[in-house]
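Novice: I have a structure I would like to understand better, so I am pasting it below and will then ask my questions one at a time.
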Amino acid sequence: MSEVDSKFNIRDYLREHMFPHFLCPGCGHGIALRALLWAIDELEIPKDKLAFVSGIGCSGRLGAYIDSNTFHVTHGRPLAFATGLKLARPDLEVIVITGDGDCLAIGGNHLIHACRRNLNITCMMLNNEVYGMTGGQVSPTTSSNRFTTTTPHGNYEPVFDACKLAEAAGAGMVGREITLQTPALKNVLKEGLSHNGFSFVEVMSDCTEVFGRKNELGDSAEMVLTQKSSVRPDGYDNTVEQPFRPNFLKTGVMARNDRPEYAAAYRQHIMSMKEG
Amino acid sequence: MSDLSEPRLLNLEGNHACALGAIAAGCRFYAGYPITPSSEIAERMSKELPGVDGIFIQMEDEIASMGAILGASMGGMKVMTATSGPGFSLKQENLGYAAGAEIPCVVVNVMRGGPSTGLPTRPAQGDIMQARWGTHGDHPIIVITPASVPEIYEQTIRAFNLAETLRVPVIILYDEAIGHLRETVEIKDSNSIEINNRIWASEVTDSFQPYAAGEDKIPEMVRPGDGFRTHTTGLTHAPDGFPTQDPELVSQYMDRLLGKLGHHGDLVEGYETIEVEDAELLVVSYGITSRAARRAIKLARAEGIKVGMFRPITLWPFPAEAFKEIIAPIKNVLVPEMNAGQLIEEIERYRPEGCDIEGLNRIDGETITPEQILDRIRELAANE
Ligand code: SF4
């Protein structure tokens, strides 16, 4: 725990008048938020220079607790909104907080094109395998055979691997971590924030109250330990047999490229046109 | 890129006049998606914006372009997007966000025939009600219907002035025929154009509330990075910007939101009248159709028929007060529209006793002709 007891004080970054918060006991989203704020603290980015854009769902509600410039926008659209904000205000460090439904289902098209453009935004997607806020419906990342309110006989759809999608679409940096490894998650987020380009970080979160309860996955301690046993920092397994979701998920920084950042490329293109 | 600062006369098509009007108004961010018959607006913006240090981006879809302009507007830029029927439908959710979170933006809808994919290259006036009520819930919105290319230029500038000062989305609504019509536009010296800007909050205090407004009902805007660190949400919010379900705060918010345009009625209102002083018969007409009506009225007057015209330029909120006075002595009202009868529903609300109101509708992708209107005027006059 020594790293957790560093000079970082999460209260410096929270709107405490908003407490008590709405998260269920044991929910992983709070830990993800902690890791994000910790990363920001270590990078010493001033609160006034940050802008958080979030969509709809449990993930989308996190912004309201952050003592910064926060935008809680429409379902699935935080990346579209953030694209405009970042282009208008390159001086702001724009961070998107989204969920698996927000980012991969209703907002999937925006994710693909945000990766392709490579604008300097950091996107933290909280993957809890379910639509928690609406009561627990199946999402594009719900594991096989899991029960949700709209898969009462078990989930029969293949699972989306968001990191592979982001990498293939050209994201500047792609990473994944679980909430149990908070310092590691903080480090992946730091890499994302430091990278000059579009960074996509998937956080394997746990929805204890809705998804966990429905599938009898135990309490949050049990859920995160199960998660830990299903990730490998050293690579994918079974990718041939199960192309959509391997038995083991890779964690850490998984992809990186140095393609030109969108806004810089735009400015350079315009400058050369004006001179030419 | 053209030199946009030099005053002169330009022969422009409507969609290009819209783009140049936007730039003259200070628009420096445009996000769009290709759609007939509005694409020329995006094309002209992509050509001109870099020259004025603006940003053009073609987004992945209609929804994204609407989202992007809202993000850029909250960042501090004057913003616009343009579309047509199907795209206008897709933009509705984020338009509601703009209305609720009070984010200035201008959205152009160049109307084509509907429903659905409809008649992409043919004119129509079928989105009159959608422009007012397309997004869910009670909300404020301004809709402007120019009737000529020079008016598109002027009204686009006015649309930005209204959006910025009243913190409201403004729709510029015209049809394919005007969008592709060429007319002469007077490009004025930039110093002689009236430009209104949003008011930025400047004093960071502990008690600052981003959605608290004074008598004018318009809260000052908060620029991210200025130290306010406020919250913006599409959830119903209290003056402090945070979500609330307290019935009293919800009412306060809705009352202010829905009352603000009425409070600034003088700014918002816009209409033209022709020969209404002694009129017994009134034509209510807007956009391309009003051009045919103007000609028909001239010809009817030459025949001694006492007919006039009321032309809303600001279509929504409808200029009700002015219209009530004008319609009071009228016996017959004719509402020609290139739809199955949309604005006529609004006109019915102001019907004085003993007044007959009827429509003249065309939904075949063609414009209404002066002859069609003149024939009906003659019939109505003969029946008197
Ligand atoms: S519903 Fe699930 S994801 Fe949402 S707050 Fe509760 S535990 Fe967390």
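Novice: Please list the non-local residues whose amide H lies under 5 Å from the amide H of residue B:82, H modeled 1.01 Å from N, same-chain partners needing a gap of 5 or more.
Specialist: Distant-sequence amide H within range of residue B:82: B:33, B:108.
Novice: Rounded to whole Hz and in sequence order, give me ³J(HN,Hα) for segment A:133-150 from the Karplus expression 6.51 cos²θ - 1.76 cosθ + 1.60, θ = phi - 60°, writing x for Gly and Pro.
Specialist: Result, ordered by residue: 5, 8, x, x, 8, 5, 10, x, 10, 5, 5, 4, 6, 6, 9, 9, 5, 10 Hz.
Novice: Also, quick follow-up: Tell me: how much accessible area in total is hidden between B and A, 1.4 Å probe, Å², nearest 100?
Specialist: 3200
Novice: Related question: Please say if segment B:8-192 is rounded, prolate or oblate, where rounded means a/c under 1.5 for a ≥ b ≥ c the square roots of the C-alpha gyration tensor eigenvalues, and otherwise the choice is prolate for a/b larger than b/c and oblate otherwise?
Specialist: rounded
Novice: Mind checking which of A:224, A:276, A:32 is farthest towards the positive end of chain A's charge dipole, using Cβ charges of +1 (Lys, Arg) and -1 (Asp, Glu) about the Cα centre?
Specialist: Of the options given, the answer is A:276.
Novice: Based on the alpha-carbon set only, what is the convex hull volume of segment B:209-298 divided per residue, in Å³?
Specialist: Spread over its residues, the Cα hull of segment B:209-298 gives 179 Å³ apiece.
Novice: What nm distance separates the two modelled labels at residue B:299 and residue B:216, each placed 7 Å from Cα along Cα→Cβ?
Specialist: Using points 7 Å along Cα→Cβ, the separation is 4.8 nm.
Novice: Using only atoms on other chains, find how many Cβ atoms lie within 10 Å of each Cβ of peptide A:87-99 and report the average.
Specialist: Mean partner shielding for this stretch: 3.
Novice: Just want to confirm a number: the relative contact order over chain A, from Cα pairs under 8 angstrom separated by 6+ residues, in percent.
Specialist: Across chain A, relative contact order equals 18 percent.
Novice: Oh, and also: Treating the beta-carbon of each Lys and Arg as +1 and of each Asp and Glu as -1, no other charges, what is the dipole magnitude of chain A about its Cα centre, to the nearest 20 debye?
Specialist: 640
Novice: While we're on this one: So what is the accessible area of chain B per residue, in Å², with the probe set to 1.4 Å?
Specialist: 38
Novice: Next up: Percent of Cα-Cα pairs more than 19 Å apart in segment B:273-382, please.
Specialist: The proportion of pairs with Cα distances above 19 Å equals 36 percent.
Novice: Tell me the label-point distance for the pair residue B:321, residue A:9, using the 7 Å Cα-to-Cβ offset, in nm and rounded to one decimal.
Specialist: Calculated label separation equals 5.6 nm.
Novice: By how many degrees, 0 to 90 and rounded to 10, does the Cα axis of helix B:14-25 deviate from the longest principal axis of chain B?
Specialist: 40
Novice: Compute the acute angle (0 to 90°) between the alpha-carbon long axis of helix B:149-166 and the principal axis of greatest extent of the alpha-carbon atoms of chain B; round to the nearest 10°.
Specialist: 40
Novice: Also: Nothing charged except the Cβ atoms of Lys and Arg (+1) and of Asp and Glu (-1): what's the magnitude of the dipole of segment B:61-195 about its Cα centre? Round to the nearest 20 debye.
Specialist: Here the size comes out at about 140 debye.
Novice: May I pose another question? How far is helix B:62-75 tilted, in degrees, relative to the longest principal axis of the Cα atoms in chain B, given as a value from 0 to 90 rounded to the nearest 10?
Specialist: 60
Novice: By a straight-distance test (C-alpha under 16 Å), which lysines pair with residue B:260 as possible cross-link partners, with residues fewer than eight away in the same chain excluded?
Specialist: Candidates past the 8-residue exclusion: B:217.
Novice: Any idea which of B:76, B:179, B:37 is furthest toward the positive side of the dipole for segment B:8-192, if Lys and Arg beta-carbons carry +1 and Asp and Glu beta-carbons -1?
Specialist: Towards the positive end, the residue furthest out is B:76.
Novice: Also, quick follow-up: Can you give the FRET efficiency for residue A:134 and residue B:129, using 1/(1 + (r/R0)^6), R0 = 25 Å, r = Cβ-Cβ distance, to the nearest 0.05?
Specialist: 0.25
Novice: Just to check I understand the Karplus step: with θ = phi - 60° and J = 6.51 cos²θ - 1.76 cosθ + 1.60, what whole-Hz values come out for segment B:253-265, glycine and proline as x?
Specialist: Those phi angles translate into 5, 5, 4, 5, 4, 7, x, 5, 5, x, 4, 10, x Hz.
Novice: State the answer as a single residue: which of B:365, B:296, B:333 lies farthest towards the positive end of the charge dipole of segment B:273-382, with beta carbon charges of +1 for Lys and Arg and -1 for Asp and Glu, about the Cα centre.
Specialist: Positive-end residue among those listed: B:296.
Novice: Could you tell me the relative contact order of chain B? Use alpha-carbon pairs under 8 Å, at least six residues apart, and round to a whole percent.
Specialist: 16
Novice: Now a separate question. What FRET efficiency comes out for the pair residue A:16/residue A:213, r = Cβ-Cβ distance, R0 = 30 Å, nearest 0.05?
Specialist: 0.55
Novice: Then there is this: Based on DSSP H runs of at least 4 residues, each adding -39500 (n - 2.57), what is the mean residue ellipticity at 222 nm of chain A after dividing by all its residues, to the nearest 500 deg cm²/dmol?
Specialist: -9000 deg cm²/dmol
Novice: Would you pull out the residues with amide H under 5 Å of residue A:249's amide H, same chain only if 5 or more places away, H placed 1.01 Å from N?
Specialist: Amide H neighbours of residue A:249, under 5 Å, 5+ apart: A:231, A:232.
Novice: Taking each residue in B:222-235, count the Cβ atoms of any other chain within 10 Å of its Cβ, then average. What number comes out?
Specialist: For peptide B:222-235, the averaged partner shielding equals 6.
Novice: Follow-up. May I ask for log10 I(q)/I(0) of the protein assembly as shown at q = 0.09 Å⁻¹, from a Debye sum over the Cα atoms as equal point scatterers with solvent left out?
Specialist: For the protein assembly as shown at q = 0.09 Å⁻¹, log10 I(q)/I(0) is -0.79.
Novice: For each pair in A:86/B:47; A:86/A:228; A:86/B:78, compute the distance between the two Cα atoms and list the pairs where it is over 23 Å.
Specialist: Those over the limit are A:86/A:228.
Novice: Where does chain B land at 222 nm, in deg cm²/dmol rounded to the nearest 500, when only DSSP H runs of n ≥ 4 count, each adding -39500 (n - 2.57), divided by all residues?
Specialist: Taking each H run of at least 4 residues, the total per residue is -11500 deg cm²/dmol.
Novice: Hey, got the dipole for segment A:1-157? About the Cα centre, +1 on K and R Cβ, -1 on D and E Cβ, debye to the nearest 20?
Specialist: That gives segment A:1-157 a dipole magnitude of about 440 debye.
Novice: For chain A, give the percent of accessible area contributed by carbon and sulfur heavy atoms, probe 1.4 Å, rounded to a whole number.
Specialist: Here carbon and sulfur together make up 54 percent of the probe-accessible area.
Novice: Quick check for you: which residues of segment A:89-129 have the amide N under 17 Å from the point 7 Å beyond the Cα of residue A:194 toward its beta carbon?
Specialist: A:121-123
Novice: May I pose another question? Across the residues of B:54-67, average count of Cβ atoms on other protein chains within 10 Å?
Specialist: Mean shielding count: 6.
Novice: Where does chain A land on Rg(C-alpha)/(2.2 N^0.38 Å)?
Specialist: 0.98
The values are calculated or read from the model by the stated rules, or taken from the named source; none is laboratory data. Note that the structure is a prediction, hence the values are computed from the model and not measured. FYI the Cβ positions are ideal-geometry reconstructions off the backbone, even for glycines, and counts take in every protein chain you see. Only protein heavy atoms, including side chains, enter the accessible area calculation; ligands, DNA and RNA are left aside. Shrake-Rupley method; radii C 1.70, N 1.55, O 1.52, S 1.80 Å.
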